[in-house]
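Have a look at the structure below, then the notes.
The values are calculated or read from the model by the stated rules, or taken from the named source; none is laboratory data. Given the structure is predicted, the values throughout are model-derived calculations rather than measurements. Methodologically, a virtual Cβ is constructed for each residue, glycine included, from the backbone with ideal geometry; neighbour enumeration extends over all protein chains shown. Just so you know, the surface numbers come from the protein's heavy atoms only, side chains and all, with ligands and any DNA or RNA stripped out. Shrake-Rupley method; radii C 1.70, N 1.55, O 1.52, S 1.80 Å.
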Amino acid sequence: MHPPACLARDADLAAFIATVGPCRLHEQAAPDPQTVDPYASLIKAVTGQQLHNAAARTIFRRLCALGADHDENGPPPAPRELLALDDATLRRCGLSATKAASLRAIARGRLDGLVPSLAEARQLDDATLIKQLTALRGVGQWTVEMLLIFHLNRPDVLPAGDLGVQEGWKRLKKLPVRPTPRQLRDATMGFSPHRSTLAWYCWQAKARLPDPAPPSKKP
């Protein structure tokens with residue numbers, strides 16, 4: 001996807017875009033057959049919190065195998081199925097008591113209508129989804145923002161609390177320190193309604209650009 005004009009007008013971004021090329025965010029946002037529903041997406045996100053990718057995938061597959069189809073490559077257990085699982089079963093999957101409680105909260109939220117279906121989510125604006133879903137135990141704003149960007153393909157989401165986005169902006173703008181979330185939101189307001197694309201370029205900048213202010217070495 002060619003970058004929006006508001007990004008290309010920024011000299012630092014324009015120079016970086018010329019090197020990186022078109023945004024490939026939507027290529028990365030191909031739907032995962034295991035998480036076609038926001039409920040399943042949140043279950044997977046919470047399962048993998050604070051874990052390396054390999055461990056997160058293993059635990060999620062074990063959880064999925066407890067569903068009605070007993071298929072580790074299928075979706076996670078439906079809400080009522082998940083709520084029927086006891087603590088010992090969830091522990092054998094590799095889930096802590098805290099994560100098990102969060103998964104149950106998401107399951108109850110789905111049954112209560114707080115966690116929308118995919119069709120319902122498409123009818124709700126970003127702010128409403130963030131407010132609804134962050135009311136659930138274990139679901140923070142960053143988790144919902146990732147759902148908005150990668151699952152619902154929302155175009156104007158800036159995860160200002162994401163350290164990768166902060167660091168990428170720092171490197172793009174050659175700043176001495178990472179901006180705070182508020183500073184980042186204020187500095188990037190002019191890129192609306194294309195801030196999801198901006199976030200993608202910030203992630204790329206973190207990976208590709210040198211740190212303008214590396215930590216000083218102690219003698």
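Quick notes on this one:
- Just one of the numbered conditions (1) under 22 Å from Ala45 (Cα atoms); (2) open to solvent by 60 Å² or more (accessible area, probe 1.4 Å); (3) touching a Gly at 6+ places or on another chain (Cβ under 6 Å) is not true of Lys206: (1).
- Some residue of the stretch 179-196 being within 20 Å of the chain's Cα centre (by Cα), closer than 24 Å to Gln50 by Cβ and among the charged types (D, E, K, R): no
Results for (1) within 19 Å of Ala105 (Cα to Cα); (2) not β-branched (Val, Ile, Thr), shown as yes or no for each residue.
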| residue | (1), (2) |
| --- | --- |
| Ala121 | yes, yes |
| Thr143 | yes, no |
| Phe150 | no, yes |
| Glu167 | no, yes |
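- Looking across Leu147, Leu175, one residue alone is open to solvent by 20 Å² or more (accessible area, probe 1.4 Å) and farther than 18 Å from Cys6 by Cα. It is Leu175.
- Residue match in the stretch 193-202 (condition: more than 19 Å from Pro22 (Cα to Cα) and either surrounded by 14 or more Cβ atoms within 10 Å (Cβ to Cβ) or among the small types (Gly, Ala, Ser) (or both)): no
- Of all residues making up the stretch 113-128, the number that are free of Cβ contacts under 8 Å to residues at least 24 places away in the same chain and either crowded, with 20+ Cβ neighbours inside 10 Å or under 22 Å from Gln49 (Cα atoms) (or both): 1
- Neighbours by Cβ (under 7 Å, 6+ apart or cross-chain): first from the stretch 193-219, among the hydroxyl-bearing types (Ser, Thr, Tyr); second at pLDDT below 85: Thr197/Pro3
- Selection of helices (runs of 4 or more DSSP H) fully inside the stretch 1-95 by the criterion of at least 3 residues being surrounded by fewer than 20 Cβ atoms within 10 Å (Cβ to Cβ) and more than 17 Å from the chain's Cα centre (by Cα) returns 5-8, 11-20, 53-64, 79-84, 87-93.
- Filtered by the rule that a residue be within 15 Å of Leu13 (Cα to Cα) and among the small types (Gly, Ala, Ser), the stretch 151-206 gives Gly168, Ala187, Gly190, Ser192, Ser196, Ala199, Ala205.
- Any hit, the stretch 122-132, residues being at pLDDT 95 or above, under 17 Å from Phe191 (Cα atoms), assigned to a helix (DSSP H, G or I) and touching an Asp or Glu at 6+ places or on another chain (Cβ under 9 Å): yes
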